1. At 1.4 Å probe size, with no ligands or nucleic acids counted, give the accessible surface of Tyr133 in Å², nearest ten.
2. Which order do you get for Cys336, Cys181 if you rank them by accessible area with a 1.4 Å probe, largest at the top?
3. Quick one: Karplus J couplings for the range 392-401, per residue in order, coefficients 6.51, -1.76, 1.60, θ = phi - 60°, nearest Hz, x for Gly and Pro?
4. Could you state the number of Å between the C-alpha centres of the range 253-277 and the range 155-184?
5. Helix 196-207 sits at what angle to the longest principal axis of the chain, using alpha carbons and giving 0 to 90 degrees rounded to 10?
6. Under a crude label model (7 Å from the Cα following the beta-carbon direction), how far is Leu190 from Lys293 in nanometres?
7. With n ≥ 4 as the cut-off for DSSP H runs, can you work out [θ] at 222 nm for the chain, using -39500 (n - 2.57) per run divided by the number of residues, rounded to the nearest 500?
8. To the nearest 10 degrees, how steep is helix 45-59 against the longest Cα principal axis of the chain, on a 0 to 90 scale?
Amino acid sequence: MDEYMTLSETSEYIGKSKETLRRWDKEGKLIAVREPMSNYRVYRKSDVDTLFADFLDDNIQEITSNYIEPHNEYNVLELFAGAGGLAVGMEKAGLKCVALNEIDKWACNTLRTNRPNWNILEGDIKSFSFVEYTNKVDVVTGGFPCQAFSYAGKKLGLSDARGTLFYEFARVVKEVNPPICIGENVRGLLSHENGKTLQGMISILDEIGYNVVPVQVLKAINFNVPQKRERLILVGIRKDIDLKFDYPKPYKKIYNLKDALKKGELFDCDVPKSGGSKYPQSKIDVLDLVPQKGYWRDLPLDIQKEFMGGSFHLGGGKTGIARRIGWDEPCLTLTCSPAQKQTERCHPEETRPFTVREYARIQTFPDDWKFEGSIAQQYKQIGNAVPVNLGKEVGYSIVKFLNKYYNLSKPK
């Protein structure tokens with residue numbers, strides 16, 4: 001049975017604007033069809049995938065590695081560190097974490113368990129001063145949550161953003177004065193408050209002495225991560241430095257769920273056994289009927305109506321609902337709670353959510369990275385993380401930039 005995607009889902013999936021898709025529809029390059037149940041204009045996923053494969057061929061040069069050796073020891077201060085996805089990625093790229101701040105006690109326990117030598121600053125960022133790191137840190141990183149600002153004037157200044165976590169991120173950057181800072185966030189930041197939130201962040205970084213590199217959304221699947229997760233990267237370069245920052249180049253090879261959970265190129269053994277959530281029996285009865293790579297549209301009509309409730313008549317693809325992932329496709333973006341309604345990510349062969357260790361694999365955490373707290377806490381930490389392999393590739397870009405910077409600024 002065909003799987004359908006809405007205009008916005010297709011736009012996000014292939015990274016092209018809705019306007020472009022509408023134009024292609026007119027030109028006959030990618031034709032929208034009337035979805036049989038709702039008469040809604042949608043795209044056949046098979047058509048999109050065929051075109052997407054062409055894009056990957058067109059847009060991505062074959063590169064073997066973004067790897068680059070650090071010329072010096074580079075120090076990272078990480079804010080909003082979570083369970084360490086970005087920090088482990090940075091470490092793999094050869095950067096040294098000098099301190100990490102995180103408010104969640106279970107995530108802090110996770111960081112301490114795995115890296116007893118890391119300096120974990122547990123608690124609210126507002127209560128910490130970072131002046132001891134002034135001019136001693138090469139990069140400040142942080143995945144600050146997306147919050148609206150209250151606007152005091154036409155151009156948002158640092159003082160206008162008080163009370164937001166981005167304000168704290170900017171305050172620390174100002175205190176520490178690193179050559180480069182990296183913020184990461186969800187793709188939705190691009191359109192949050194009609195783009196005003198992002199513009200506000202850019203003007204604040206400008207005020208504290210940093211030029212912002214054109215923002216990019218990186219697709220994890222292009223960076224050795226078997227998952228369709230996207231992260232927006234915000235890079236600030238101190239204004240006294242006239243150097244270009246290059247984002248990591250995407251790889252052509254896309255890894256699938258099989259690569260995450262079975263022995264192969266990504267991992268040298270099958271996924272270790274571990275605990276995990278269970279579906280209630282009522283959900284098992286429904287998901288048992290969904291084939292691999294199938295979703296709620298593959299259910300008998302009466303069960304579709306019952307399972308979807310009021311959402312049934314709203315139209316649109318909603319392809320993430322009652323979804324059983326296939327071995328030969330990347331996983332959909334993991335959520336913080338694997339059994340919650342309407343974001344099901346079912347195992348390909350067994351009717352259950354992914355276990356904790358399967359979750360960790362899909363996010364490319366090493367198997368020896370232990371998560372502390374209850375099963376629910378562990379899922380939340382993994383679901384919120386930056387995929388380790390994506391963090392590593394961003395780390396290589398930082399190393400490349402810092403190598404150039406310190407090479408130029410050495411006394412001749």
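The values are calculated or read from the model by the stated rules, or taken from the named source; none is laboratory data. Note that the structure is a prediction, hence the values are computed from the model and not measured. For neighbour counting, all protein chains shown are included, and Cβ atoms are generated from backbone atoms with ideal geometry for every residue, glycine included. The area values use the complete protein model at the heavy-atom level, side chains included, leaving out ligands, DNA and RNA. Shrake-Rupley method; radii C 1.70, N 1.55, O 1.52, S 1.80 Å.
1. So the heavy atoms of Tyr133 present about 30 Å² to solvent.
2. Largest accessible area first, the residues go Cys336, Cys181.
3. 5, 5, 5, x, 4, 5, 5, 4, 4, 5
4. 38
5. That helix lies at roughly 10 degrees to the long axis.
6. Label at Leu190, label at Lys293, 2.6 nm between them.
7. Numbers: 13 runs with 134 residues, N = 412.
Value at 222 nm, helices only, nearest 500: -9500 deg cm²/dmol.
8. Helix 45-59 sits roughly 30 degrees off the main axis of the chain.
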